[in-house]
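Derivation of every value follows stated rules applied to the coordinates shown; laboratory data play no part. Please read all numbers here as calculations on a predicted model, not as lab measurements. Virtual Cβ from ideal backbone geometry, glycine too; neighbours counted across all protein chains shown.
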Amino acid sequence: MEKYHLYHLDHLDQLESEAIHIFREVAGQFEKPVLLFSGGKDSITLVHLALRAFRPGNFPFPLLHIDTGHNFPEVLQFRDALVHEIGEQLIVRKVEDTMRSKNLPEPKGKFASRNALQTFTLLDAIEEFKFDACIGGARRDEEKARAKERIFSVRDEFGQWDPKLQRPELWNIYNGKIHKGENVRVFPISNWTELDIWNYIKRHQIALPSIYFAHQREVIEYEGQLVAVSPFIQIAEDDCITTKQVRYRTVGDMSCTAAIESTATNIDDIIAEIIATKTSERGETRIDDKVSEAAMEDRKKNGYF
Amino acid sequence: MDILRFITAGSVDDGKSTLIGRLLYDSKSIMIDQLTAIQQQTKHKALGEIDLALLTDGLRAEREQGITIDVAYKYFSTPKRKFIIADAPGHVQYTRNMVTGASNANLIIILIDARNGVVEQTKRHSIIAALLKIPHVIIAINKMDMVDYSEDTFNNIVIDYAAVAESLGLNNITYLPISALNGDNIVEKSELLSWYDGPSLLSLLENISIHQDVNLNITRFPVQYVIRPQSPEWHDYRGYAGKLISGILKQGDAVTVLPEGLTTTIDYIEHNGKKVNEAFAPQSIVLHLKDDIDVSRGNLIVPSHQLPTVSKEITTLICWMDAKPLQKGNRYWLQINSTMVKCMVSEIQYALDVNTLEQKNNVSYIGLNEIAKIVLKTASPLAFDSYNTLSANGGAILIDEATNVTVGACMLQ
């Protein structure tokens with residue numbers, strides 16, 4: 001009994017070890033993996049875990065940012081500083097270039113989002129670099145289609161997910177065998193919740209872009225959500241622009257990510273706020289998830305993360 | 001805080017998804033927007049109350065058919081524990097999905113409809129629990145509201161189930177009367193079940209001891225990846241990265257590298273970039289060995305006084321998961337942790353009738369969702385333990401050479 005108290009990992013250490021194990025399985029099984037980096041807290045946590053998995057060696061993969069052109073400037077600055085600090089390779093592929101080469105129209109509407117177009121750019125990048133494994137920061141607690149997805153999720157040559165034909169995934173054994181042209185999406189932090197991420201960030205003092213913390217910002221209120229004033233959204237005459245103290249719970253495009261009113265200026269405040277909240281992360285901040293009940297499932301079937 | 005992973009199993013209408021919905025709802029793990037969404041869907045379905053089952057069914061096909069097809073993972077925590085629920089389908093055609101969900105579970109909740117008692121599905125789910133050696137079993141006798149909260153009904157089912165459990169060698173069983181729909185004995189103890197003197201389901205889940213579920217007595221370290229920076233600063237660095245799947249390793253331990261059998265000692269151990277004197281399961285670490293020997297992904301490092309079986313002939317129980325049957329002479333990839341070898345089915349010893357537990361001899365093939373005992377011949381020696389002794393190094397998968405799909409779950413003997 002004594003032994004079991006002495007040699008015991010708490011939940012964050014267990015989740016960390018599980019994620020590092022998954023990272024190393026990717027390194028051991030694939031020729032051309034890549035880590036998808038959005039600049040959000042989940043992908044920043046992935047980078048931190050990769051450092052733990054592979055240092056003092058280099059990452060056996062580059063980072064890939066699918067740039068919609070609708071970024072928060074703070075996040076881009078953060079991205080570049082982080083990449084510089086860790087000395088790893090960053091590849092950026094722009095949705096704008098895909099739109100030009102494929103002659104895709106600019107999405108229309110008040111909050112015209114290029115979110116759906118990212119899939120084209122991602123699939124093009126996979127094709128260009130022949131990536132066989134794409135590591136992403138999706139979590140199963142985020143959304144119910146994600147709750148169904150395996151940690152190693154095989155996609156066909158069109159990047160499509162077939163939820164009815166998922167490989168059984170047993171114990172901690174990950175089957176990464178694929179045919180040429182297919183790829184595997186790998187989710188090392190599948191079993192983490194939003195709160196786990198924040199507690200982990202706190203424990204290891206991981207730096208984040210400033211927009212996660214409360215700050216003053218010009219916003220408009222639309223159907224109960226606060227959207228930052230930016231060149232990427234259309235502001236109508238009857239929209240009321242106000243300055244509010246807000247923070248972001250997730251980082252996506254400026255055009256489709258909503259802010260929340262908050263006074264949380266440090267991680268402890270944020271953790272307290274999340275514990276008290278009554279709304280889910282995506283429900284509160286993602287304008288793009290509300291389109292239909294199966295919005296995420298449909299996007300995944302088409303190659304999205 | 002630690003993590004308890006559990007799976008829920010039951011027949012189609014035993015109220016499994018309702019139970020999970022209830023646990024999430026009563027432990028306040030459901031957010032307003034999620035609740036609003038299911039309230040709207042409940043209206044679509046023209047039902048009266050909120051259908052808590054809608055919380056777990058994540059795919060469109062599942063919501064349309066009102067059934068669970070694949071495992072959904074759900075998360076909640078209390079101040080005591082983080083919980084990971086594998087909500088697995090109960091129907092026989094989705095047995096493989098249930099096995100997927102069960103393979104990592106510390107605990108299984110098997111639901112029994114109080115009106116129906118122990119049925120075929122109950123037995124099948126119990127066989128899976130026994131096969132996979134799930135350490136803890138809760139038999140939740142549900143829909144007690146439909147049998148007037150009768151103690152006699154409960155007791156009769158307990159007697160019936162105890163016989164099944166005994167025939168399977170299932171231990172660590174707790175029996176619990178509940179009504180998932182009404183929330184009786186889920187989070188709070190129910191006054192309607194005052195004759196039951198045990199704790200509520202949530203209280204059970206919070207307090208079951210799971211320390212021993214990690215084996216700290218037998219040490220196994222599968223090498224996943226070799227870290228070689230080859231930079232001027234780290235010129236001679238060569239670290240073996242992996243997760244200690246069981247046991248404890250210390251600096252200076254005499255170890256053997258399998259399957260080759262070379263021996264050396266542990267020079268030092270790194271955990272998260274820092275040197276440590278010892279490491280324990282399930283930590284991910286980097287190992288440095290004294291001697292310059294050939295070690296790569298797929299090797300298993302073990303203490304020299306604690307050798308596993310190393311063999312090219314392996315007897316195993318298998319749960320078959322593919323529509324294309326398993327036959328003698330078929331070739332597959334066998335993957336155990338980070339080791340992959342080619343193998344061939346050299347013998348089918350028997351198939352197990354999952355309803356009667358009878359062994360059927362002289363079978364020529366094993367079909368989808370069937371359980372069998374077979375013998376595999378591997379192309380090179382494999383280092384493994386018996387699943388019953390050390391599941392962390394005794395569970396393996398078979399992969400189809402042509403489709404690359406995982407087709408079998410093996411419990412090595």
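Give the calculated FRET efficiency between A:H5 and B:D267 to the nearest 0.05, with a Förster radius of 41 Å applied to their Cβ-Cβ distance.
Working: r = 29 Å, r/R0 = 0.70.
The value I calculate is 0.90.
Quick one: pull the percentage of alpha-carbon pairs in the range B:309-412 with a separation above 18 Å. Don't skip to the answer; put the middle values down first.
On the way: 2215 of 5356 pairs.
Of all Cα-Cα pairs in the range B:309-412, 41 percent lie more than 18 Å apart.
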Q) Which three extents, in whole angstrom, do the alpha-carbon atoms of chain B cover along their principal axes, largest first? A) 71, 53, 40
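About the Cα centre of the protein assembly as shown, how large is the charge dipole given +1 on each Lys and Arg Cβ and -1 on each Asp and Glu Cβ? Please answer in debye to the nearest 20. Provide the component values of the computation, followed by the final result.
Values: 76 positive and 94 negative charges, 304 e Å.
So the magnitude is around 1460 debye.
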Q. When only DSSP loop residues count, what trypsin sites (Lys or Arg not before Pro) in the range B:233-326 have their Cβ near at most 11 other Cβ atoms within 10 Å?
A. none
Q) Over chain B, what is the percentage of antiparallel beta bridges among all DSSP beta bridges, to the nearest 5? A) 75 percent
Q: Let me know the Kirkwood hydrodynamic radius for chain A, please, with Cα pairs as the basis and the value in Å to one decimal.
A: 20.3 Å
(Q) Between B:R331 and A:H84, what's the calculated FRET efficiency when r is the beta-carbon distance and R0 is 51 Å? Round to 0.05. (A) 0.55
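Based only on Cα atoms, what mean projected area does the convex hull of the range B:76-226 have, in nm²?
Its Cα hull, projected and averaged over all orientations, spans 11.3 nm².
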Q) Farthest toward the dipole's positive end in chain A, which of A:I44, A:F111, A:T250, given Cβ charges of +1 (Lys, Arg) and -1 (Asp, Glu) about the Cα centre? A) A:I44
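Within 10 Å of each Cβ in peptide B:326-335, how many partner chain Cβ atoms are there on average? Round it to a whole number, please.
Details: counts 0, 0, 0, 0, 0, 0, 0, 2, 0, 7.
For this peptide, the per-residue mean of nearby foreign Cβ atoms is 1.
Can you quote the Å³ per residue value for the convex hull of the Cα atoms in the protein assembly as shown, rounded to an integer? Could you put the intermediate results ahead of the total?
Numbers: hull volume 115.0 nm³, N = 718.
That works out to 160 Å³ per residue.
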Q.
Looking at the range B:90-232 only, what percent of DSSP beta bridges run antiparallel? Nearest 5 please.
A. 10 percent
Q.
As an exercise, take the mean of 1/r over every pair of distinct alpha carbons in the range B:175-258, invert it, and state the Kirkwood radius in angstroms.
A. 17.8 Å
Q | Pair A:F129, A:E261: separation of 7 Å Cα→Cβ label points (nm) | A | 4.2 nm
Q) So which DSSP H runs in chain B come out at 20 Å plus along the axis (Cα) with average Kyte-Doolittle of at least -1.0? A) B:151-168
Q. Which percent of the Cα-Cα distances in the range B:108-183 go past 20 Å?
A. 25 percent
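Under 8 Å for C-alpha pairs, at least 6 residues apart: give me the relative contact order for the range A:209-289, rounded to a whole percent.
Values: 132 pairs, mean separation 25.7, N = 81.
In percent, rounded to a whole number, it is 32.
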**Q.** Stokes-Einstein diffusion coefficient of the range B:150-299, Kirkwood radius over Cα pairs, 4 °C, 1.567 mPa s, in µm²/s
**A.** 66 µm²/s
Q: Report, in deg cm²/dmol and to the nearest 500, the calculated mean residue ellipticity at 222 nm for the protein assembly as shown, where each DSSP H run with n ≥ 4 adds -39500 (n - 2.57) and the sum is divided by the residue count.
A: -7500 deg cm²/dmol
Q. What number comes out for the charge environment of B:F76, summing +1 per Lys or Arg and -1 per Asp or Glu over other residues with Cβ under 11 Å away?
A. +2
Q) To the nearest 0.05, how large is the calculated FRET efficiency for B:K274 and B:E347 if R₀ is 60 Å and r is the Cβ-Cβ distance? A) 0.75
Q. Out of the DSSP beta bridges found with both residues in the protein assembly as shown, what percent are antiparallel (nearest 5)?
A. 75 percent
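Taking the Cα centre of the range B:221-303 as origin, work out the dipole magnitude from +1 charges on Lys and Arg Cβ and -1 charges on Asp and Glu Cβ, in debye rounded to 20.
280 debye
Which length gain, in nm to one decimal place, applies between A:A236 and A:K110 when the Cα-Cα distance is subtracted from 0.36 nm times their residue separation?
Values: separation 126, 0.36 × 126 = 45.36 nm, distance 0.86 nm.
Length gained, A:A236 through A:K110: 44.5 nm.
When you count, for each residue, the other Cβ atoms within 10 Å and take the mean per peptide, how do B:299-309, A:240-250, A:143-153 rank with the highest first?
On the way: B:299-309: 18.5, A:240-250: 16.6, A:143-153: 23.6.
Final packing ranking: A:143-153, B:299-309, A:240-250.
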Q: Principal axes first, then extents: for the Cα atoms of the range A:209-289, list largest minus smallest coordinate on each axis, whole Å, largest first.
A: 38, 26, 20
Q: Specify, per residue and in Å³, the volume enclosed by the convex hull of the alpha carbon atoms belonging to the range B:226-295.
A: 87 Å³
(Q) I'd like the Karplus ³J(HN,Hα) series for the range B:258-272: coefficients 6.51, -1.76, 1.60, θ = phi - 60°, whole numbers in Hz, and an x wherever there's a Gly or Pro. (A) 10, x, 5, x, 5, 10, 6, 10, 7, 6, 7, 10, 10, 10, 6
Q | Residue-wise HN-Hα coupling along the range A:244-249, computed from phi with Karplus coefficients 6.51, -1.76, 1.60 (Hz; x: Gly, Pro) | A | 10, 8, 9, 9, 9, 8
Q. Over the Cα atoms of the range A:13-112, how large are the radius of gyration and the largest Cα-Cα distance (Dmax), in Å?
A. 15.9, 48
Q: Report, by chain and number, residues whose modeled amide H sits under 5 Å from the one on B:D184, excluding near sequence neighbours (fewer than 5 apart, same chain).
A: B:S179
Q) Any idea what the dipole of the range A:209-289 comes to, in debye rounded to 20, about its Cα centre with Lys/Arg Cβ at +1 and Asp/Glu Cβ at -1? A) 280 debye
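Take peptide B:276-289, look around each residue's Cβ out to 10 angstrom, count Cβ atoms belonging to other protein chains, and average those counts.
Per residue, the number of nearby Cβ atoms from other chains is 3 on average.
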Q) Put +1 on the Cβ of each Lys and Arg and -1 on the Cβ of each Asp and Glu in the protein assembly as shown; which of B:N155, B:N106, A:S17 then has its Cα farthest toward the positive end of the dipole? A) A:S17
